[in-house]
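The next block holds one structure in the form of structure tokens; read it before the comments.
The values are calculated or read from the model by the stated rules, or taken from the named source; none is laboratory data. No experiment lies behind these values; they were computed from the predicted model shown. FYI the Cβ positions are ideal-geometry reconstructions off the backbone, even for glycines, and counts take in every protein chain you see.
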């Protein structure tokens, strides 16, 4: 009796860590694919999964901080498109790799700052502010290019398609960034302020935490990472398409939520988000390997988001204190 | 139904009987084996300190909570309410202390919320509800309230009367009133008393929770005193007196007596000159010396919280000046105030105090992150050590400092919020309803913490609606009425009557 109740307690404790369920799902899908497809375990395929995960994961790191601080950024997909176009055009017109790269990152940062200012200074609901930015950034990207993709070779190609000892550079960047953001979230003053603001903004403000500055930071940071994502994505294709990143907000938010981050703020871990992004890439890979229609992929993504949030809701109902 | 006239002789079967009701929240036993019977048309006064178990008991009677043990009989038949709706169906109405009127709707619409009469076309029958609302309001002694006025424009006391009228509209058999008179003017109190008397003679049983002992002694057929979850005393009408009741409630004759403190001639820490926010705070002028504890008393809506918010930068200032230790300051945010040595323990532990998903330790360190870090990087050991010294000083009871703060009792949670403010090493500490909803033991601890901090030279401002708290703690008291600081009272002249007199002084009653 007591043995089973302690093991139940251990299980409950384990599930208390919300990363557990996404990790289990990750291994379940991986195990299934191992048997279902002979190609899955081939290094080439695995590295490809890693490369495909990288852009979603990098942007999800920024999105995770925004959501932990009780915000949301719907504009990430459009910012990816605008940054890539801006970087490609400046590179073409100035011929300078550095200026091109800086413009791409800078445009992402400015979009993020604009989101943050709309939320903090004008008190616009993050959902609406970033929905507006989603439309504006995409529109500007189309205006800049007239809707025609711009060639984008050079450093970006190395970031997007290059390999270091066979490992995709973008995957390595994702791992390094994940480690840095994990450190930021768990060990720095800013990280602690982000969690406090998301947990109870009113209490955080009265405790002397600069809520507006914290919110501005997370939106700006998310914009910056979206800019980086845009450069990697365009570099991979050697072309900056104004429609690049279309619909990416869905994948990114799904990765964050799958990773156990609460939409209501104050809770989530970077490790979970990392696994969440890998799981999304694994599922994409599964559809390709198993030869299932890409349209089903779109349906499945929606189902996964709803399921992840639904599980969160059920867990909350069990614990009315939260 | 049996109708009794006047002060009721209790009929054979009481309306409500409780046998051995017990309730625990986690490890805390809040009610132990409560026996209680309420006769038809009987008015019962339920007294007790905050945390004595009054609200829990009434929540069980009104179906909001389930008892762990014991039985409940209605008209002699056992009942077990699974929801508030079931209790309402059985004729039990509970008017809570927290106001729940919908501000955007009219008074009349509030009174008939959820059961609005319809015209033949299915639209709201406004003329019918306005008429009915008028007579309901007259019934509870609030004939001065206009039924068509938006409920949000009413004073807190008027909103309280609307709540009572709303409950009365259901013609309940048992009416539970939690602190119904706490923000009523003396004139409104008289009208309310008439309502209680007429409801009693119509056979309605009433349970009346109050801190105003005189009122309880005047109105109630029976007074029960609850302490630490037990009924410790029971008196009929005219069988007790004030001192006796205080002793029963606190278990001591001078539980929260003022502890004399020597406040020497010390530097002025805070000096306000005509501080206004253009809305809720009107030209507040007073000063607080280092080491002094100054109270801010006022009724609900008097502007206590708002004044503290203006001081700590949480609310914009419209005019006036403020000096901290002789330097003119203008804080733009609580973060700004904190950097300059002003910390606040806000009102509403759940809504504005705790970070519910954070651990105890991280709640305590939230105001001191920079001093516990090397640059940006948190020093976890320094954080742990800092908290552990406060845990000892404040005797915070817990298993480990990494448990979620929500697993602590209310009193211990509040101590953690105190630790948060004190850890920031402030020179001015603002406390807003610092002991709201904490048990008696924690309350005494918190008073001791405040006194000790003041003894070390901290200037303290305590805003409170509890007169005993103000009297126990403060060296001087400012009284707010409708946002105006009407009087600053020295320690020697403090009394309940004087505080209330000034608290009502700016409130004009409608003719």
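The table that follows gives values for the structure above.
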read-out	value
Candidates B:461, B:477, filtered to the one that is under 25 Å from residue B:291 (Cβ atoms), touching a helix residue (DSSP H, G or I) at 6+ places or on another chain (Cβ under 6 Å) and crowded, with 20+ Cβ neighbours inside 10 Å	B:477
Test result for residue B:269, assigned to a strand (DSSP E or B) and in contact (Cβ under 8 Å) with a residue 60 or more places away in the chain	yes
Answer residue from segment B:316-329, given it is part of a loop (DSSP other than H, G, I, E, B) and within 31 Å of the chain's Cα centre (by Cα) and is nearest to the other protein chains (Cβ to nearest Cβ) among those	B:316
Only listed residue being touching a residue at least 60 places away in the same chain (Cβ under 8 Å) and crowded, with 21+ Cβ neighbours inside 10 Å, chosen from B:185, B:204	B:204
Residue that is in a loop (DSSP other than H, G, I, E, B), within 14 Å of chain A (Cβ to nearest Cβ) and either surrounded by fewer than 23 Cβ atoms within 10 Å (Cβ to Cβ) or more than 22 Å from the chain's Cα centre (by Cα) (or both), where the choices are B:291, B:313	B:313
Among the candidates A:241, A:251, residue that is more than 18 Å from residue A:63 (Cβ to Cβ) and away from every other protein chain (no Cβ under 14 Å)	A:241
Filtered residues of segment B:247-283 (kept if within 22 Å of the chain's Cα centre (by Cα) and modelled with pLDDT of 75 or more)	B:247, B:248, B:249, B:280, B:281
Options B:126, B:94, B:112: the member that is buried (at least 18 other Cβ atoms within 10 Å of the Cβ) and modelled with pLDDT under 85	B:112
Among residues of segment B:347-371, those that are crowded, with 21+ Cβ neighbours inside 10 Å, within 7 Å of another protein chain (Cβ to nearest Cβ) and under 30 Å from residue B:301 (Cα atoms), counted	6
Options B:454, B:421, B:444; residue that is in contact with a strand residue (DSSP E or B) (Cβ under 6 Å, 6 or more places away or on another chain) and away from every other protein chain (no Cβ under 14 Å)	B:454
Top-ranked residue in segment B:349-359 [being within 19 Å of residue B:437 (Cα to Cα) and touching a residue at least 12 places away in the same chain (Cβ under 8 Å); ranked as nearest to the chain's Cα centre (by Cα)]	B:349
Residue match in segment A:228-244 (condition: under 16 Å from residue A:67 (Cβ atoms) and buried (at least 22 other Cβ atoms within 10 Å of the Cβ))	no
Filter pass, residue A:124 being under 16 Å from residue A:216 (Cα atoms), at pLDDT 95 or above and surrounded by fewer than 24 Cβ atoms within 10 Å (Cβ to Cβ)	no
Candidate set from segment B:372-403 (those that are more than 10 Å from chain A (Cβ to nearest Cβ) and within 19 Å of residue B:338 (Cβ to Cβ)); member that is surrounded by the most Cβ atoms within 10 Å (Cβ to Cβ)	B:387
Number of the condition not met by residue B:432 [criteria: (1) within 14 Å of chain A (Cβ to nearest Cβ); (2) over 18 Å from the mean Cα position of the chain (by Cα)]	(2)
Segment B:22-45: number of residues that are more than 18 Å from residue B:199 (Cα to Cα) and assigned to a strand (DSSP E or B)	14
